[in-house]
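So the structure is just underneath, and the comments pick up after that.
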Amino acid sequence: MYKLILKMAWKNTFTRPARTLLVITMIAVSMSMMLAIQGLYDGMVKNMIDKNKRSDSGDISLYAKDYRVQKDIKYIIKNAVKIKEDIEKLDGVKAVVLRLNADGLLSTARKSSFASVHGIDLQEEEKFGSFSEFLKDKVNGKAREDALGLGKMSLAKRGAVIGIELAKTLKVRIGSKLIFSTQDSFGEIKSIALKVRGIVQTTNILLDSNAIFVDITLLHNFLGTSPLDATQIAIMSENEKLVNVLKSKYSNLDVKSFLELQPMIKQIQAMMVIFNSITFFIVMSVVFIGIFGVVYVSVLDRIREFGIVLGIGMQYKYIRAQIFLESIIVGLIGYLGGAVLGIIFLVYLRDYGLDLSSFSDALEMWGYEAVITGTIKISYFTTTFGAIITASVLSVLIPLRKIKKINPIDVIKAQI
Amino acid sequence: MIRLKNVNKYFYKDDPREVHALCDINLTVENGEFTLFNGPSGCGKTTLLNAIGALDSIDSGKIYLDETEITTLSEQARTELRLTQMGFVFQSYNLIPVLSVEENISFIMRLRGFSDKEISERVLEISSLLEIDNKLKLLPNELSGGQQQRVAVARAVAAKPKIILADEPTANLDSKNSQILMDMMRELNKKEGMSILFASHDNLIMDGASRVIELKDGVLVDDYKK
């Protein structure tokens, strides 16, 4: 019997093909737009998180107690090299780097600015977060003829790489000379001359506007600290439990996960979930109203037919099944259309991104890239499938109530 | 066997427009009878047919189908009764427009869970008898009125119910098609042995009926066998 019910549902769905196809198109287009927006929102946040992790904190960072508050070189991790070696042996650890940071004053002959010097090992940073990919070969949209290109940068001979915003503030370019002054580990004010070898844009606001990167060995010598020590140990890891392991193992240190270090990103993530939910709700309302409209009008058109089949003995459950099937057919075809269109949009956004260069200043100020690339998650499709089927089922409740109220005799009496 | 005891039915009860549609009807219809409820428009013949068919309720009295009192049954039980014991033929055919002739004929059989083999054999048998066996793959809107009514009759009899209730089945047909339909229904009555109850004022049906029950203003005024 259900085979016949399915056939009736299918044929009735397309009794008025223009109306049904219009609703299917509406579902497909709105769903694909929603998927594209979801992909873009998630892509924006993913990019931001990815660049923050690669350029700064990794998944987990270790500091000496009080360093993050005092920002003083005396709060340094002793024997950081040994700790790094131990951490590298733990499960799920992909890369570990040591950094030595100090705040001070960065000056040219005419300008000066607060700056934070980061002593790094360029090769280690390349393994950790592909640091060279942050190198900016364009400044203010113009290609730099003096750009070194990826992988060609060197920090030898007091070379330094400077954050793009700091470079703009100090009006320096590649080849410019700078003086960095700070207090060393003995409390003496010291200065060092540096030469700009590269400009980086990490979209990490703090780094872009304050950071200057130099060789870690140079900085150890300059600050008078032991080459075995560091102010930060950053770890890339897929092991979500690692942070708790490290917290208990290095209770004398300040062990922080990425989201603990970047509470703002946690908020942005939460905000994006809200944006996605609102979009999702709007689209599902459109789906619900669309299917409801089609099914309700279709039921009104066929009140007489339902009355007659009830009269000749068809049980209500079969009519209910037929109406559910009609609604699910519309929802399902709309979903399939939306999924195909959505995949096309998402693949395009993932591969080419959405170019918002006209708003690049504002976007980069907030840590977003000018070209926003999307992400694709299976969950977009599974959640939407569930929601569309739910909307399809819910949208027939009122039409079914209408059928339930049919008294066959009223329909039969009304026959001409 | 159908028995009616003191059946009364009102429309607009306790209202100035009140109509006493069926007045104390007492009646017995034996199995296999070819019965006509006859009378002018508004005399209550369709109301009586609907009450016997468990489609409409009555205000007092009792209706029995064999030993089952159908007036006290729940809505679900009445639906089940209509499905298993009765077949209906309406004035305006009421076929399911999206199903083929074959599917319309087998519709009740499928609802009752007959096997595919039983269905195909029965559809072929009935459609041959009603001379629509060459129309099985067509949709109802591809048939003439007479052919559609034959499909409706085939649907009603396919599952071999005990009673066929036909309300003005020839009203939309010309005299030739009416005659063909009546001949076929008489043939079915003889061959299948089911009771057939008509509500009609068509003389053609009156000529063919084995028993005529005359109604006037809801009162049974005459009952005779031919």
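Among the residues of the stretch A:221-254 satisfying the criterion of being of a type in the set (Ser, Thr, Tyr) and surrounded by fewer than 16 Cβ atoms within 10 Å (Cβ to Cβ), which is nearest to the chain's Cα centre (by Cα)? Once the filter is applied, the top-ranked residue is A:Ser248. Selection of the stretch B:123-174 for residues being among the basic types (Lys, Arg) and in a helix (DSSP H, G or I) yields B:Arg150, B:Arg155.
Looking for whichever is within 14 Å of chain B (Cβ to nearest Cβ) and either buried (at least 20 other Cβ atoms within 10 Å of the Cβ) or under 37 Å from the mean Cα position of the chain (by Cα) (or both) here; the options are A:Ile319, A:Ile289. Which one fits?
Unique residue meeting the criteria: A:Ile319.
Of the residues examined, B:Gly87 is one that is in a strand (DSSP E or B) and at the interface with chain A (Cβ under 9 Å from one of its Cβ atoms). Cβ separations smaller than 9 Å between residues 6+ apart or across chains give the following pairs from the stretch B:77-95 residues that are in contact (Cβ under 8 Å) with a residue 24 or more places away in the chain to residues that are basic (Lys, Arg) and surrounded by 21 or more Cβ atoms within 10 Å (Cβ to Cβ): B:Gly87/B:Arg155; B:Phe88/B:Arg82; B:Phe88/B:Arg155; B:Val89/B:Arg155; B:Leu95/B:Arg155. Would you pick out the residues in the stretch A:10-31 that are out of contact with any Lys or Arg (no Cβ under 8 Å at 6 or more places or on another chain) and either outside any helix (DSSP H, G or I) or not hydrophobic (A, V, I, L, M, F, W, C) (or both)? Within the stretch A:10-31, A:Lys11, A:Thr13, A:Phe14, A:Thr15, A:Arg16, A:Pro17, A:Arg19, A:Thr20, A:Thr25, A:Ser30 meet the criteria.
Residues checked against (1) without any contact (Cβ under 8 Å) to a residue 40 or more places away in the chain; (2) surrounded by fewer than 19 Cβ atoms within 10 Å (Cβ to Cβ); (3) closer than 30 Å to A:Ile164 by Cβ:
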site	(1), (2), (3)
A:Glu326	no, no, no
A:Arg350	no, yes, yes
A:Ala362	yes, yes, yes
A:Val371	yes, yes, yes
A:Phe381	no, yes, no
A:Ile406	no, no, no
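Residues of the stretch A:373-416 that are outside any helix (DSSP H, G or I) and over 30 Å from A:Tyr348 (Cβ atoms): A:Val396, A:Lys405, A:Ile406, A:Asn407, A:Ala414, A:Gln415, A:Ile416. If you go through the stretch A:173-220 and keep only what is touching a Pro at 6+ places or on another chain (Cβ under 9 Å) and either surrounded by fewer than 19 Cβ atoms within 10 Å (Cβ to Cβ) or in a strand (DSSP E or B) (or both), you end up with A:Thr217, A:His220. Given the structure, is A:Met48 of a type in the set (A, V, I, L, M), at pLDDT 90 or above and crowded, with 18+ Cβ neighbours inside 10 Å? Spelling it out, it is not the case that A:Met48 is of a type in the set (A, V, I, L, M), at pLDDT 90 or above and crowded, with 18+ Cβ neighbours inside 10 Å.
For the stretch B:121-138, the set of residues classified as of a type in the set (S, T, N, Q) and surrounded by 14 or more Cβ atoms within 10 Å (Cβ to Cβ) consists of B:Ser127 only.
The values are calculated or read from the model by the stated rules, or taken from the named source; none is laboratory data. Note that the coordinates shown come from a computational prediction; the quantities given were computed from them, not determined experimentally. FYI the Cβ positions are ideal-geometry reconstructions off the backbone, even for glycines, and counts take in every protein chain you see.
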